[in-house]
Amino acid sequence: MTGTRVVVVGATGNVGTSVVQALAEDPAVESVLGLARRVPHWQPPKTRWEAVDVQPGGADLEPLFTGADAVVHLAWKFQPTHDPAETWRTNVLGSLRVFDAVAAAGVPALVHASSVGAYSPGPKDRAVDESWPTHGWPQAAYTREKSYLERVLDTYERAHPGLRVVRMRPSFLFKRESASEQRRIFAGRLLPGRLVRPGLIPVVPDLAGLRFQALHTDDAAAAYRAAVLLPVRGAFNLAADPPVDAAVLGRLLGARTLPVPVAPVRAVLAAAWRLRLVPASPDLFDAVLRLPLMDSARARRELSWEPRYTAVQAVEAFLDGLRSGEGMDTVPLAPDRLRAAAAS
């Protein structure tokens with residue numbers, strides 16, 4: 001009897017590298033085909049690579065999916081936030097191409113990377129389960145696109161009842177190796193990694209709504225692997241304890257907390273974004289302050305999943321990676337020093 005053959009779309013970023021590694025290490029998995037816009041030098045076992053762009057006009061995906069037991073769809077473009085039509089082409093239109101090709105190729109299972117960002121605004125003092133509405137925060141492109149794909153999958157599941165569809169809804173994902181990429185995506189030039197050492201940042205603003213969940217990316221990958229191999233379907237929240245707030249961040253950074261109104265902080269961020277000093281839009285800032293806390297009981301129960309790292313440890317790993325300029329030998333995760341050397 002042959003093992004499971006898996007295609008991972010978007011296999012070289014923060015989540016993709018951890019998912020590929022988790023699958024490649026599992027004896028039940030026979031092979032992994034990693035799809036990415038640029039083939040990496042990194043070569044985990046049982047894995048081969050294909051250079052593919054999921055945007056309209058890209059390669060025909062159906063032949064790449066034919067014969068697979070599952071497709072894990074992770075491809076996502078966070079930037080440019082100043083051009084939402086561009087992210088829509090990859091994130092929404094590209095996802096539609098993936099979904100259509102999965103059905104056309106007769107793949108039995110689709111595991112899709114949704115997000116806590118798909119959820120409508122919700123409580124910060126209690127956790128919600130997977131039945132919470134997924135209408136996102138409409139002003140932010142990221143949450144709008146995640147929510148739109150939830151509606152697409154509602155229709156898709158009805159049209160393909162024999163296809164097992166799993167929607168993974170993780171909280172914010174961190175690991176040491178993703179630090180350089182995440183700094184470039186969200187903070188840009190205004191956050192040199194060396195500044196996040198304890199004691200160098202004197203104050204963490206204590207903002208209304210600043211309470212979120214974090215998860216180590218390798219723990220998320222373990223849940224993805226289980227979703228591929230187990231006969232489950234539907235949505236799964238993924239988060240570790242405890243929730244992260246200003247007090248937790250203050251302890252990690254050796255900084256005191258200071259209550260600050262949201263409005264002036266948002267105004268500064270909006271001005272910096274308009275001047276292209278930071279890549280993260282103020283709309284995403286608004287969304288983060290409104291996202292609910294998630295209950296991961298279903299993942300623990302049906303996937304036999306338990307995070308190995310606490311949320312604080314996940315954030316610590318990210319901060320350590322920032323300080324050391326950490327990365328991996330893939331284009332998305334390449335550390336700044338290697339990018340600078342390649343450009344020179």
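The values are calculated or read from the model by the stated rules, or taken from the named source; none is laboratory data. Keep in mind it's a predicted model, so treat the numbers as computed, not measured. Note that each Cβ is placed from the backbone with ideal geometry, even for glycine, and that neighbours are counted across all protein chains shown.
Would you check if Pro307 is at pLDDT 95 or above and either within 19 Å of the chain's Cα centre (by Cα) or surrounded by 16 or more Cβ atoms within 10 Å (Cβ to Cβ) (or both)?
yes
What is the residue count in region 13-62 for residues that are charged (D, E, K, R) and either assigned to a loop (DSSP other than H, G, I, E, B) or buried (at least 22 other Cβ atoms within 10 Å of the Cβ) (or both)?
7
Answer with yes or no whether Ala179 is among the aliphatic types (A, V, I, L, M), under 24 Å from Val71 (Cβ atoms) and outside any loop (DSSP other than H, G, I, E, B).
no
Mind telling me which of the residues Glu177, Glu150 ends up being closer than 21 Å to Val72 by Cβ, surrounded by fewer than 23 Cβ atoms within 10 Å (Cβ to Cβ) and in contact (Cβ under 8 Å) with a residue 40 or more places away in the chain?
Glu177
In region 153-174, which residue that is farther than 19 Å from Gly94 by Cα and among the aromatic types (Phe, Trp, Tyr) is surrounded by the fewest Cβ atoms within 10 Å (Cβ to Cβ)?
Checking each candidate, the answer is Phe172.
Tally the residues that are out of contact with any Ser or Thr (no Cβ under 6 Å at 6 or more places or on another chain) and assigned to a loop (DSSP other than H, G, I, E, B), restricting the search to region 162-176.
3
Any chance region 268-287 includes a residue that's surrounded by 15 or more Cβ atoms within 10 Å (Cβ to Cβ), under 23 Å from the mean Cα position of the chain (by Cα), within 30 Å of Leu110 (Cα to Cα) and of a type in the set (S, T, N, Q)?
no
For region 332-340, does any single residue satisfy the condition of being modelled with pLDDT of 95 or more, surrounded by fewer than 18 Cβ atoms within 10 Å (Cβ to Cβ) and in contact with a helix residue (DSSP H, G or I) (Cβ under 9 Å, 6 or more places away or on another chain)?
no
Could you list, in sequence order, the residues of region 240-267 that are part of a helix (DSSP H, G or I), surrounded by 12 or more Cβ atoms within 10 Å (Cβ to Cβ), more than 24 Å from the chain's Cα centre (by Cα) and not aliphatic (A, V, I, L, M)?
Gly250, Arg251
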